[in-house]
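A short worksheet on the structure shown next.
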Amino acid sequence: MFARYDMRGVVEAIESGEFPSSANSMWRYSELLPVKSPSFVVSLGEGWTPLLLTRRLGTHLGLRMLRIKDEAKNPTLSFKDRGLCAAISKHLEMGVDSFALPSAGNAAVSMSAYCAASGTSAHAFMPEDTPQQFIDSCRAFGAEVILVEGTIVDAAAEMQVRDGGWTDLSTTKEPYRVEGKKTMAFEIAEQMGWTVPDVVICPTGGGTSLIGIWKGFEELETLGLIDDRRPRMYAVQSGGCAPVVRAFERGTEEIEAWPRGETRAYGLRVPKPFADRLMMKVIQRSGGGAVAATDSEIESCQWMAARLEGLDFCPEAAIGLAGLRNLVDTGVIDYDEDVVLLNTGSSSRYGGIPGRNEID
Ligand SMILES: Cc1ncc(COP(=O)(O)O)c(C=O)c1O
């Protein structure tokens, strides 16, 4: 299920080629967000994150133009805020007052914060090995935390068994988280003067960014704000849990479950994404691909971003950076291409970036 809009009405609202709001949050695109009455918007200032043109990191990798969409600057330090803010605001408008989701960590923290801000209740189901800071943050925001043995798949199964009368905000099982995520496409295009990059690199787990960003670019084209050129979308996963990469290599639309998801980039530990066909369609239609990097590259890539660019990369984004390096080294991405890499969150919930002395 996808949210659809009266595009003629939106075209009229942005007649001058600009969205009427100048809000410094994703709500500057409220005409293309699902909440009808602004009084239901529970905003903590999510979105409108910087798109940083790297000075040294791109050159180090062999790229002329590398930009980082720095999602670590969101209110709870990850891009999950966009989706959870849109979804919780919309469900509030529909009268919902209790929410639950299975999460690797960041989505649970985000849900907990927006539930606190809206006075609704949050129930977070997480794998028991989730780093303690995620658990503590959820509890600080007043959420109930249920720890489950196994991966996010097992956490989701436990949530179904308990069924507490809440609204299920699981990744891609309701339409509004994708709506929030698509604002990354709006921002990237607007920040590039209503053009699109050649390549977008997405550290990928459940696929909301891939699907959302693609939808966002489609809507901008419908509105005539960009032409029909699209970036190639690349999903990057950890070799310890790479069901999307395997499906891409096999050329299938269905993603077979990965036996045991093992990676320290917890947000990428999704052995069986629910929206598999949608994810594979985006990758294939865009002419992009899916590649894996190894967990052993996480720290060196976090350190590379920190040392060369002053940026705080979460482990998931470090995997994205390692994947980008592979794609450049193998000639899949050219020096001249304009590349955007998502830094999907901050390292601080994982306890920060360990110190090191050399760059790989
Ligand atoms: C920091 C981070 N990056 C990337 C992802 C993957 O998200 P998705 O594939 O749903 O866009 C997650 C999901 O938990 C995450 O927490």
(request) Taking the options 183, 204, name whichever one is under 20 Å from residue 321 (Cβ atoms), crowded, with 21+ Cβ neighbours inside 10 Å and outside the structural domain of residue 153 (by TED's automatic domain parsing). (result) 204
(request) Output the residues belonging to region 107-125 that are crowded, with 24+ Cβ neighbours inside 10 Å and in contact with a helix residue (DSSP H, G or I) (Cβ under 6 Å, 6 or more places away or on another chain). (result) 107, 108, 109, 110, 111, 112, 114, 122, 124, 125
(request) Please tell me if residue 22 is part of a helix (DSSP H, G or I) and either out of contact with any Asp or Glu (no Cβ under 9 Å at 6 or more places or on another chain) or at positive phi (or both). (result) no
(request) Output the number of the condition that residue 296 fails; it satisfies all remaining conditions of (1) more than 14 Å from the ligand (Cβ to nearest atom); (2) of a type outside the set (Val, Ile, Thr); (3) closer than 25 Å to residue 134 by Cβ; (4) touching a residue at least 40 places away in the same chain (Cβ under 8 Å). (result) (4)
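Filter region 207-250 down to the residues that are charged (D, E, K, R) and either buried (at least 23 other Cβ atoms within 10 Å of the Cβ) or not in a helix (DSSP H, G or I) (or both) and list them by number.
Taking region 207-250 and keeping what is charged (D, E, K, R), we get 215, 218-219, 221, 227-230, 232, 246, 249-250.
Correct list: 227, 228, 229, 230, 232.
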(request) Count, please, the residues in region 221-240 that happen to be under 18 Å from residue 315 (Cβ atoms) and without any contact (Cβ under 8 Å) to a residue 40 or more places away in the chain. (result) 0
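Does residue 104 meet the test of being crowded, with 20+ Cβ neighbours inside 10 Å, in contact (Cβ under 8 Å) with a residue 40 or more places away in the chain and touching a Phe, Trp or Tyr at 6+ places or on another chain (Cβ under 8 Å)?
Details: crowded, with 20+ Cβ neighbours inside 10 Å: yes; in contact (Cβ under 8 Å) with a residue 40 or more places away in the chain: yes; touching a Phe, Trp or Tyr at 6+ places or on another chain (Cβ under 8 Å): yes.
Yes: the conditions hold for residue 104.
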(message) If I go through region 307-333 residue by residue, how many of them are among the aliphatic types (A, V, I, L, M) and within 16 Å of the ligand (Cβ to nearest atom)?
(response) 7
(request) Name the one entry in 28, 8 that is modelled with pLDDT of 95 or more and charged (D, E, K, R). (result) 28
(request) Quickly run through region 169-206 and pick out the residues that are in contact with a strand residue (DSSP E or B) (Cβ under 8 Å, 6 or more places away or on another chain), within 11 Å of the ligand (Cβ to nearest atom) and not in a loop (DSSP other than H, G, I, E, B). (result) 184, 202, 203
(request) Only residues that are of a type in the set (D, E, K, R) and part of a helix (DSSP H, G or I): list them for region 251-280, please. (result) 276, 277
(message) Cβ-Cβ under 9 Å, sequence separation 6+ or interchain: first residue in region 269-284 and within 16 Å of residue 152 (Cβ to Cβ), partner at pLDDT below 95 and part of a helix (DSSP H, G or I). Which pairs?
(response) 269/152; 270/152; 270/153; 271/152; 271/153; 272/153
(request) Specify the residue that is nearest to the chain's Cα centre (by Cα); the eligible residues are those in region 33-73 that are of a type outside the set (A, V, I, L, M) and assigned to a helix (DSSP H, G or I). (result) 71
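I'd like to know if region 159-167 contains one or more residues that are of a type outside the set (D, E, K, R), touching a residue at least 60 places away in the same chain (Cβ under 8 Å) and touching a helix residue (DSSP H, G or I) at 6+ places or on another chain (Cβ under 8 Å).
Of region 159-167, the ones of a type outside the set (D, E, K, R) are 159-161, 164-167.
Filter once more, keeping what is touching a residue at least 60 places away in the same chain (Cβ under 8 Å): 164-167.
Next, from what is left, pick out any that are touching a helix residue (DSSP H, G or I) at 6+ places or on another chain (Cβ under 8 Å): 167.
Yes, region 159-167 has at least one match.
Looking at region 328-348 only, could you name the residues that are out of contact with any Lys or Arg (no Cβ under 6 Å at 6 or more places or on another chain) and either of a type in the set (Asp, Glu) or surrounded by fewer than 23 Cβ atoms within 10 Å (Cβ to Cβ) (or both)?
If we filter region 328-348 for residues that are out of contact with any Lys or Arg (no Cβ under 6 Å at 6 or more places or on another chain), which is where we start, we get 328-334, 337-339, 341, 343-348.
Across region 328-348, the qualifying residues are 328, 329, 330, 331, 332, 334, 337, 338, 348.
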(message) Suppose we filter region 165-183 for residues that are among the aliphatic types (A, V, I, L, M) and more than 9 Å from residue 82 (Cα to Cα); how many remain?
(response) 1
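The values are calculated or read from the model by the stated rules, or taken from the named source; none is laboratory data. Quick caveat: nothing in here was measured; it's all calculated off a predicted structure. No Cβ is skipped: glycine too gets one built from the backbone with ideal geometry, and neighbour counts run over all protein chains shown.
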